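Here is the structure we will look at, set down as structure tokens.
Just so you know, all these numbers are worked out from the coordinates, no wet-lab data involved. Note that this is a predicted model, so its numbers are computed, not measured. Because the Cβ atoms are built from the backbone with ideal geometry, glycine has one as well, and the counts that use them run over all protein chains shown.
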């Protein structure tokens, strides 16, 4: 990997901040919690920003920025959802989603960083793949946590079924991320090429 430049460090830090804002947007704006089928779904933007981190920063810097976000929260800074922090947040049932953001940024970055002439369908596909990585790791971890150290017996299908409203919300946001990325690369393609690590 090339030496990190000040612009790389700045953009990586920006995405750590965006992840914090995305995790806690409903803390500051409670009206962004949407009622769906009797459940209230908070409009978290973490998956959205993790996908964009991979698309904009590339696989290496995107992965680093998501790892820094995880470590900052694990150190106790309240950057996770609900303004929580600390190592125990990572072993909670939703801790797998936080861990998954590292893999989301890597996979999305790997699929997009050398792509020329971006199209909306391609970036949409990549964003949906990133979403799949997010939920595959997150739901599997949640299932494991609930059936082992929390001793709450649920089936794997039930774990996925409970995530349906969140998946639908994040699917829409993933498409928005793809549209945003295509628009961004058409406006400043040279800048995007220069920030690859």
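In units of 2.2 N^0.38 Å, what is the alpha-carbon radius of gyration of the range 6-194?
On the way: Rg = 16.4 Å, N = 189, 2.2 N^0.38 = 16.1 Å.
Dividing the Cα radius of gyration by 2.2 N^0.38 Å gives 1.01.
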Subject >> Order by protection proxy (mean Cβ within 10 Å, highest first), peptides 126-135, 47-56, 162-171 >> reply: 47-56, 126-135, 162-171
Original post:
Between the helical axis of 6-28 and the dominant principal axis of the chain, each derived from Cα atoms, what acute angle in degrees is found, rounded to the nearest 10?
Top reply: 30 degrees
**OP:** Please give the helix 95-112 orientation as an angle from the longest Cα principal axis of the chain, in degrees from 0 to 90, rounded to the nearest 10.
**Re:** 30 degrees
Subject >> GNM result for the chain, Cα springs below 10 Å: residue of 159, 177, 67 fluctuating most strongly >> reply: 159
Subject >> Computed [θ] at 222 nm, helices only, for the chain once each DSSP H run of length n ≥ 4 contributes -39500 (n - 2.57) >> reply: -23500 deg cm²/dmol
**OP:** Evaluate the relative contact order of the range 6-194 (contact order divided by residue number), counting alpha-carbon pairs under 8 angstrom at least 6 apart; express in whole percent.
**Re:** 22 percent
**OP:** Compute the long axis of helix 120-147 from its Cα atoms, compare it with the longest principal axis of the Cα atoms of the chain, and write down the angle in degrees, 0 to 90, nearest 10.
**Re:** 30 degrees
Subject >> Rounded FRET efficiency, nearest 0.05, which uses the C-beta distance separating residue 184 from residue 132 and R0 of 22 Å >> reply: 0.45
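Taking 30 Å as R0, compute the FRET efficiency from the Cβ-Cβ separation of residue 91 and residue 172 and round it to 0.05.
Numbers: r = 30 Å, r/R0 = 1.00.
The computed FRET efficiency comes out at 0.50.
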Subject >> Relative packing of peptides 3-15, 143-155 - highest average C-beta neighbours within 10 Å first >> reply: 3-15, 143-155
